[in-house]
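Written out below as structure tokens is the structure these notes cover.
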Ligand SMILES: Nc1ncnc2c1ncn2[C@@H]1O[C@H](COP(=O)(O)OP(=O)(O)O)[C@@H](O)[C@H]1O
Ligand SMILES: Nc1ncnc2c1ncn2[C@@H]1O[C@H](COP(=O)(O)OP(=O)(O)O)[C@@H](O)[C@H]1O
Ligand SMILES: [Mg+2]
Ligand SMILES: [Mg+2]
Ligand SMILES: [Mg+2]
Ligand SMILES: [Mg+2]
Ligand code: NI
Ligand code: NI
Ligand SMILES: [Zn+2]
Ligand SMILES: [Zn+2]
């Protein structure tokens, strides 16, 4: 559950953003959870909710909604686009990618040309997709 | 006039693209000339036109149009966005940037925080903005 | 889409009293050896010492210190293992001895991830081992680890001296504080930096260091460690 | 928006017979010294030799070869100057002795620009001096300079050997041909690569190299050049 640390980042970042946007109360936080990092979306949402109860008043009553982001890769060598399904990684390798998604470059290869030189176009990890609230 | 080499790249790339898009004749090539590199747009267009006359039939009769791209930078350290006008560079420095626009990181600084760690958001150098033709 | 990770970095480092970035911007001048052995010496003196190997594509601190079996644990983040008294984090934990081919933008992403999830706890020192060059990791350090102080390494060789000169000028303009300069692989002909106001001391070429690689107890008995220990007096 | 530059790289290199990328992926093992002096030796033997310093943030070939006054000219592209018989291109021509702080993505852009506009002409050899690590420049080389052959440098030190091992495995999978392996800074205790099928030879630590830095005529009289010359017989 190292996800706790990322949930804490979400809270800190949401509070920062809400203050920048001069909200007095945050109503909803929509999270985008990238597939590559294999984070359980339900579990992550509840981690964020738990931390919210102890957060400042600004955030305390926010709903947390989760959208899953499919992972997509593009090879810089041959321009092939590919998805997670195209990559075969073992359990242990998946764990490394869980902690540091860039380890994909160590364990995954472009299915067309074998290069590790692809970019992670989408679905890397945890993002805040949207914050809504009242001024 | 090292621009000749870039004009040659434009021709090669336009031919490649036209073939990929299965055009039999190219009617117009729109170039985007980024301000940072200080390339004279008229001059560059005529360099491209001159090379077109010797190019393959596919390209020979294409019109060349030029759009100037304003340069824009964003500081990675403090997030400030700034433009070329904000930067003071000498003639000699400008020449280095003319040949290798990334030399901007050697000679320019974020006007807000002094960092060389900005990204060149737009207006770096020569791009093909559009190619139109007949199938 | 907002990336939340940078918002939590300061909090992760809140329990760390001093952050020392070992650099010199040239390769092969002893940055990793000095960073690793400095952490070892600080731990031996009774300080709480942590070490972060930020040279992701050329990680070597785990080899120098012989950290093979230690492993992070997962709790409210990643807890770096305590190895030979040092709280240690490195990309080597995740790469299983394979090459780590990362473009600079991936280095940034991976660094941000580690900084966001690593729970360093209370530390007197966090020593950061920097890669050569002025690339993504160097620039990210200035951006994210604002409290870092530079411990600059040079050798007497012209190539190292030239690199240090041009780089120090840049980092001074960026207001990154210079803690001091160490001359490593010293010879009779010293580098001009021995007369620099921030010069801390010299370390000779020590042929016994190579055989001690991977064996911390043995490293501590080398002349390298002895000489570095004198330089490290600056931390007492 | 289409970036036209990569379409012309092959044409720019069309007059070059062989492209040799000097690497080893570790810093400070002598890559730049070997690349620079190899170009010098090839030129001296009557080959048409070119040298490209691709270590943009740590350029050093111009210091090794003492190339201060030479300057490119602008014609139908950039014509690299001929310095000491070598057709030479480096970021140092553009940076006026200042630090070059580039993120990896900028390194890629700058490399692409140089490759698109440099008119190498007819050359028997283009020696490419690579930066340490497996970052943008290494990966771009595989992508853009498809004909490059690797000349891998190692030292007997564990850290260098480990780096070479993991990196060679990766580049073999990428089908980049390995021209050979050179052991530099050799000691009595050799690296395991001396028994590798592609091993080309050893170069001792030569204390006279430092004083010769910047003076090509003097470099050619060093033991370093003599030993590298024997290795370079592979090019005859
Ligand atoms: N004072 C020294 N005496 C002997 N060998 C040294 C000394 N300092 C460093 N080395 C050796 O030099 C090589 C490069 O050192 P390293 O710490 O990896 O440098 P960097 O991190 O700057 O690339 C290693 O093999 C290391 O063991
Ligand atoms: N065989 C050798 N004998 C003595 N000094 C050497 C030898 N090879 C390299 N050097 C020195 O070692 C340092 C690092 O060499 P360099 O060519 O810059 O390595 P790299 O390009 O791999 O970082 C330089 O000061 C160089 O003069
Ligand atoms: Mg990537
Ligand atoms: Mg940039
Ligand atoms: Mg190192
Ligand atoms: Mg070098
Ligand atoms: Ni987890
Ligand atoms: Ni020009
Ligand atoms: Zn591919
Ligand atoms: Zn700024």
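Criterion first (out of contact with any helix residue (DSSP H, G or I) (no Cβ under 7 Å at 6 or more places or on another chain), in contact (Cβ under 8 Å) with a residue 24 or more places away in the chain, within 11 Å of chain C (Cβ to nearest Cβ) and closer than 17 Å to residue A:78 by Cβ) does residue A:127 satisfy it?
On the way: out of contact with any helix residue (DSSP H, G or I) (no Cβ under 7 Å at 6 or more places or on another chain): yes; in contact (Cβ under 8 Å) with a residue 24 or more places away in the chain: yes; within 11 Å of chain C (Cβ to nearest Cβ): yes; closer than 17 Å to residue A:78 by Cβ: no.
Against the criterion (out of contact with any helix residue (DSSP H, G or I) (no Cβ under 7 Å at 6 or more places or on another chain), in contact (Cβ under 8 Å) with a residue 24 or more places away in the chain, within 11 Å of chain C (Cβ to nearest Cβ) and closer than 17 Å to residue A:78 by Cβ), residue A:127 does not qualify.
Which of the residues that make up segment D:70-118 are within 17 Å of the chain's Cα centre (by Cα), surrounded by 19 or more Cβ atoms within 10 Å (Cβ to Cβ) and assigned to a strand (DSSP E or B)?
Listed by number, the residues that qualify are D:83, D:86, D:87, D:88, D:89, D:90, D:118.
Quick test of your reading of the structure: residue C:190 fulfils all but one of (1) farther than 30 Å from residue B:109 by Cα; (2) crowded, with 17+ Cβ neighbours inside 10 Å. Name the failing condition by number.
Of the numbered conditions (1) farther than 30 Å from residue B:109 by Cα; (2) crowded, with 17+ Cβ neighbours inside 10 Å, the odd one out for residue C:190 is (2).
Yes or no, residue by residue, for (1) in contact with a strand residue (DSSP E or B) (Cβ under 9 Å, 6 or more places away or on another chain); (2) within 14 Å of chain C (Cβ to nearest Cβ); (3) not in a helix (DSSP H, G or I):
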residue: D:164; (1), (2), (3): yes, yes, no
residue: D:179; (1), (2), (3): yes, no, yes
residue: D:185; (1), (2), (3): yes, yes, yes
residue: D:194; (1), (2), (3): yes, no, no
residue: D:203; (1), (2), (3): yes, no, yes
residue: D:210; (1), (2), (3): no, yes, no
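Consider residue B:42 carefully, then state whether it is under 15 Å from the mean Cα position of the chain (by Cα) and away from chain D (no Cβ under 14 Å). Walk me through how you get there before you give the answer.
Details: under 15 Å from the mean Cα position of the chain (by Cα): yes; away from chain D (no Cβ under 14 Å): yes.
Against the criterion (under 15 Å from the mean Cα position of the chain (by Cα) and away from chain D (no Cβ under 14 Å)), residue B:42 qualifies.
Among the numbered conditions (1) in contact with a helix residue (DSSP H, G or I) (Cβ under 9 Å, 6 or more places away or on another chain); (2) surrounded by 14 or more Cβ atoms within 10 Å (Cβ to Cβ), tell me where residue D:160 comes up short.
(1)
Could you please find all residues in segment C:152-173 being at pLDDT 95 or above and within 24 Å of residue B:114 (Cα to Cα)?
Result: C:152, C:162, C:163, C:164, C:165, C:166, C:167, C:168, C:169, C:170, C:171, C:172.
Assess whether residue A:65 counts as being more than 20 Å from residue C:8 (Cβ to Cβ) and within 14 Å of chain C (Cβ to nearest Cβ).
Numbers: more than 20 Å from residue C:8 (Cβ to Cβ): yes; within 14 Å of chain C (Cβ to nearest Cβ): no.
It is false that residue A:65 is more than 20 Å from residue C:8 (Cβ to Cβ) and within 14 Å of chain C (Cβ to nearest Cβ).
So, of the residues in segment B:82-107 that are in contact (Cβ under 8 Å) with a residue 40 or more places away in the chain and within 11 Å of another protein chain (Cβ to nearest Cβ), which turns out to be farthest from ligand 6 (Cβ to nearest atom)? I'd like the intermediate steps shown before the answer.
So the first thing to find is which residues in segment B:82-107 are in contact (Cβ under 8 Å) with a residue 40 or more places away in the chain, and the list is B:84, B:94, B:97-99, B:101, B:104.
Right, trim to within 11 Å of another protein chain (Cβ to nearest Cβ) and you get B:97-99, B:101, B:104.
Details: B:97: 25, B:98: 27, B:99: 22, B:101: 24, B:104: 24 Å.
Checked segment B:82-107; the qualifying residue farthest from ligand 6 (Cβ to nearest atom) is B:98.
Are any residues in segment C:21-51 closer than 30 Å to residue D:154 by Cβ and outside any helix (DSSP H, G or I), and if so, which ones?
Quick first cut of segment C:21-51, residues closer than 30 Å to residue D:154 by Cβ only: C:21-41, C:51.
Result: C:21, C:22, C:23, C:24, C:25, C:26, C:27, C:28, C:29, C:30, C:51.
Determine whether residue A:110 is within 28 Å of residue D:144 (Cα to Cα) and within 14 Å of chain C (Cβ to nearest Cβ).
Yes, satisfied.
Kindly evaluate residue D:156 against the criterion of being over 30 Å from residue B:36 (Cα atoms) and in a loop (DSSP other than H, G, I, E, B).
Details: over 30 Å from residue B:36 (Cα atoms): yes; in a loop (DSSP other than H, G, I, E, B): yes.
Answer is yes for this residue.
Read through the list (1) free of Cβ contacts under 8 Å to residues at least 60 places away in the same chain; (2) on the phi > 0 side of the Ramachandran plot; (3) touching a strand residue (DSSP E or B) at 6+ places or on another chain (Cβ under 6 Å), then give the number of the only condition that residue A:79 fails.
(3)
From the list C:121, C:133, C:214, exactly one residue is within 8 Å of another protein chain (Cβ to nearest Cβ), more than 16 Å from ligand 2 (Cβ to nearest atom) and touching a residue at least 60 places away in the same chain (Cβ under 8 Å). Which is it? Write out each step before concluding.
Working: C:121 fails: within 8 Å of another protein chain (Cβ to nearest Cβ); C:133 fails: more than 16 Å from ligand 2 (Cβ to nearest atom).
Exactly one residue qualifies, and that residue is C:214.
Of the residues that sit in segment C:140-153 and are more than 15 Å from the chain's Cα centre (by Cα) and outside any loop (DSSP other than H, G, I, E, B), which one is nearest to residue C:89 (Cα to Cα)?
The selected residue is C:144.
Can you pull out the residues in segment C:9-39 that are surrounded by 22 or more Cβ atoms within 10 Å (Cβ to Cβ) and out of contact with any strand residue (DSSP E or B) (no Cβ under 7 Å at 6 or more places or on another chain)?
Hits for segment C:9-39 are C:25, C:26, C:27, C:28, C:33, C:37.
Would you check if residue C:230 is more than 14 Å from ligand 1 (Cβ to nearest atom) and either away from chain D (no Cβ under 14 Å) or exposed (fewer than 13 other Cβ atoms within 10 Å of the Cβ) (or both)?
Details: more than 14 Å from ligand 1 (Cβ to nearest atom): no; either away from chain D (no Cβ under 14 Å) or exposed (fewer than 13 other Cβ atoms within 10 Å of the Cβ) (or both): yes.
So residue C:230 fails the test.
Say whether the condition of being within 12 Å of chain C (Cβ to nearest Cβ), surrounded by fewer than 20 Cβ atoms within 10 Å (Cβ to Cβ), farther than 15 Å from residue A:127 by Cβ and modelled with pLDDT under 95 is met by at least one residue in segment A:1-13.
Looking through segment A:1-13, at least one residue is within 12 Å of chain C (Cβ to nearest Cβ), surrounded by fewer than 20 Cβ atoms within 10 Å (Cβ to Cβ), farther than 15 Å from residue A:127 by Cβ and modelled with pLDDT under 95.
The values are calculated or read from the model by the stated rules, or taken from the named source; none is laboratory data. Values in this document were obtained by computation on a predicted structure and should not be read as measured data. Virtual Cβ from ideal backbone geometry, glycine too; neighbours counted across all protein chains shown.
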